[in-house]
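Student: First the structure, which I've put down as structure tokens, then a few questions once you've had a look.
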Amino acid sequence: MTQADIGLIGLAVMGQNLVLNMNDHGYTVAVFNRTASKVDDFLAGPAKGTKVIGAHTLNEFVSKLKTPRRVMLMVKAGDPVDQFIEMLVPLLDRGDIIIDGGNSHYPDTTRRCQTLKSKGIYFIGTGISGGEEGARHGPSIMPGGHPEAWPHIKKIFQDIAAKVETGEPCCDWVGDEGAGHYVKMIHNGIEYGDIQLICEAYQLMKDVLGMTSDEIADTFGSWNTKELDSYLIEITADVFRKQDVDGTLLLDQILDVAGQKGTGKWTGISALDRGVPVTLIGEAVFARCLSAMKDERVQASKKLKGPSPHFKGDRQSFLKNIFQALYASKIISYAQGYMLMREAAKDYHWKLNYGGIALMWRGGCIIRSVFLSKIKQAFDKNPNLYNLLLDDFFNGEVNQCQTGWRETVAAATMQGIPVPCFATALSFYDGYRCARLPANLLQALRDYFGAHTYERVDKPRGEFFHTNWTGTGGKVSASSYSV
Ligand code: 2AM
């Protein structure tokens, strides 16, 4: 009987395409799906003529697998993953491997690692990015979990992953427990930021410069040959050329209400939990929330006054400024994302390979870009690089873009155009490079109204002082509780 190299459960489009991708690379894949008819449809349709083996029960599916058995789940995140794990465990042996390739939240992956370890089953939670196309022809794959399982899946995963120009696969071991899904979550958060930055550039081009869709398409097309060379900029140019059935621009018919599935929000929550100022992704999530308040915005637009956009000046230099604002803000966003990964790695005792993560994102995934090679190079040069902004290359790039970036934020503000991500990136930059922030006043106020105490510049860190600001308060500080 033919023995499958790997089994995959969940024949939605991502699952199907991964199976076909594995098949192309010479692997025999067994497949199963809750709705068994989809197995037959797949075998008679997209998988016709391949070596894919169908199974109609879980027992049959497991019996087709070589040992150690490798079972990949591509089912809806949440309960379905736990349900399948529960059904699979009695059918598997010690040393077999379950891989969750869905968009699971990383704490679930960590929990599953712990539960399965006690049963002798290895577990891997892997982020997979690149959409349907990526899954079919080479996604970015970010696996984490039990490292003992990695040698058993490394070859398959690296074979099916996207490759960079040098031939390196966009897949490497990320770290223990939920590290793979954590890094995928950060990828998605960064994707929220990248998209919002593009949208802010679009609004300035359209509402301030009054550019036509063809002009905007050409501009993004030319940006795609420069430092911003990336998948998202490339498809943006395409979008500005896509006509609706009646020959008008399709984009103009699309409602300005953003959807979201939660990974940007999870990134923001993780940033707040760890106290890391990932402001750009936060603003990108809130920008989607604001867009979703369509009816309220329509009402407010009739009442709330502001300047009407108009443009005087040199159009080409304003466009260049927008480019610089986008590029500099993007650098800030990635620096912030990396700051968050570093803190999470500290909290969870993960050893993350930061250059490797840039390489995994370099190809195959939605945020793929030439820019990520520069991040890889920065970490190759200095694996202990504390912040991307401190790398000479990125420091130089931000510096070069600074004037255009400031001009863009200033012009947008004066013209009444919202640029939450350009602006928050600039505020972060100015805050990060500020040796003395006004938080001395903040501490004074907290001590004034709540006796929360403060540290002094002329005393060692960790010594706390309280002042009786009005002369009427007591001497007792509130250090025994925090609000
Ligand atoms: P289905 O084809 O039977 O709906 C993506 O939705 C994949 O996850 C599909 O393969 C789907 O199976 C599976 N899925 C969704 N919810 C599920 C559940 N509660 N139990 C098992 N599989 C589920």
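Each value in this text was obtained by applying a stated rule to the coordinates, not by laboratory testing. Predicted model, so just to flag it, every value in this text is computed and none were measured. Cβ sites come from the backbone with ideal geometry, for glycine too, and all protein chains shown count toward neighbours.
Student: Using Cβ contacts closer than 10 Å as the measure, can you line up Lys184, Lys38, Lys475 from fewest to most? It would help to have the intermediate numbers written out before the result.
Tutor: Numbers: Lys184 30, Lys38 19, Lys475 8.
Going from sparsest to densest Cβ surroundings: Lys475, Lys38, Lys184.
Student: Still on this structure, please answer the following. Taking the Cα centre of the range 235-366 as the origin, how large is its charge dipole in debye, to the nearest 20, when only Lys and Arg (+1) and Asp and Glu (-1) carry charge on their Cβ atoms?
Tutor: Working: 19 positive and 12 negative charges, 60 e Å.
Charge dipole, the range 235-366, about its Cα centre: 280 debye, nearest 20.
Student: Then there is this: Could you give the length gained by full extension between Ser222 and Glu455, i.e. 0.36 nm per residue of separation minus their alpha carbon distance, to one decimal place? The partial results should precede the final answer.
Tutor: Values: separation 233, 0.36 × 233 = 83.88 nm, distance 5.17 nm.
Between Ser222 and Glu455, full extension yields an extra 78.7 nm.
Student: Apply the Karplus curve 6.51 cos²θ - 1.76 cosθ + 1.60, θ = phi - 60°, to the phi angles in the range 222-236 and return the couplings in whole Hz, x for Gly and Pro.
Tutor: 6, 4, 6, 9, 10, 4, 8, 3, 6, 4, 5, 5, 4, 6, 4
Student: Let me ask something else about it. Which far-off residues, 5 or more places away or on another chain, put their amide H under 5 Å from the one on Ala4, with H placed in the peptide plane?
Tutor: Close amide H contacts, sequence-distant or interchain: Leu65, Lys66.
Student: Give the dimensionless ratio obtained when the Cα radius of gyration of the range 296-389 is divided by 2.2 N^0.38 Å. Spell out each step's value before the answer.
Tutor: On the way: Rg = 19.5 Å, N = 94, 2.2 N^0.38 = 12.4 Å.
Here the answer is 1.57, to two decimals.
Student: Next question, about the same structure. To make sure I understand the rule: partners must be aspartates and glutamates, Cα under 18 Å from the Cα of Lys155, and not fewer than 8 residues away in the same chain. Which ones qualify?
Tutor: Correct list for Lys155: Asp5, Asp24, Asp96, Asp100, Glu168, Asp172.
Student: Summing -39500 (n - 2.57) over the DSSP H runs of n ≥ 4 in the chain and dividing by its residue number, what mean residue ellipticity at 222 nm do you reach, to the nearest 500 deg cm²/dmol? Kindly include the intermediate steps, with their values, before the conclusion.
Tutor: On the way: 19 runs with 250 residues, N = 483.
So the calculated ellipticity at 222 nm is -16500 deg cm²/dmol.
Student: What number in nm² do you get for the chain if you take the convex hull of its Cα atoms and divide its surface by four?
Tutor: Values: hull surface 117.4 nm².
Projected over every direction and averaged, the Cα hull of the chain covers 29.4 nm².
Student: So, one more: At a Förster radius of 25 Å, what calculated FRET efficiency corresponds to the Cβ-Cβ distance of Arg241 and Glu133, to the nearest 0.05?
Tutor: That pair, Arg241 with Glu133, gives E of 0.85.
Student: Suppose R0 equals 60 Å; then what is the FRET efficiency for Ser317 and Ser63 from their Cβ-Cβ distance, rounded to the nearest 0.05? Intermediate values should be presented prior to the final figure.
Tutor: Working: r = 68 Å, r/R0 = 1.14.
Computed FRET efficiency for Ser317 and Ser63: 0.30.
Student: Pairs Lys265/Lys330; Lys261/Lys351; Lys265/Lys305: which are spaced more than 23 Å apart, C-alpha to C-alpha?
Tutor: Numbers: Lys265/Lys330 19 Å; Lys261/Lys351 28 Å; Lys265/Lys305 31 Å.
From the list (Lys265/Lys330; Lys261/Lys351; Lys265/Lys305), the Cα-Cα distance tops 23 Å for Lys261/Lys351; Lys265/Lys305.
Student: To test your reading of the geometry: what angle, between 0 and 90 degrees and rounded to tens, separates the Cα axis of helix 439-450 from the longest principal axis of the chain?
Tutor: Tilt relative to the chain: about 90 degrees.
Student: Separate question: The range 310-346 to the range 84-144: how many Å between their Cα centroids?
Tutor: Value for the Cα centre distance between the two parts: 35 Å.
Student: Hull surface divided by four, with the convex hull built on the Cα atoms of the range 13-75: how many nm²?
Tutor: On the way: hull surface 16.1 nm².
Over all viewing directions, the range 13-75 projects a mean Cα-hull area of 4.0 nm².
Student: Neighbouring Cβ atoms within 10 Å as the yardstick, rank Arg456, Arg342 fewest first. Show your work: numbers first, answer last.
Tutor: Details: Arg456 12, Arg342 17.
Ascending Cβ contact count within 10 Å gives the list Arg456, Arg342.
Student: Still on this structure, I have one more. I need Cys365, Cys113, Cys421 ordered by Cβ neighbour count within 10 Å, fewest first. Before the final figure, lay out each step's value.
Tutor: Values: Cys365 28, Cys113 20, Cys421 31.
Starting with the residue having the fewest Cβ neighbours, the order is Cys113, Cys365, Cys421.
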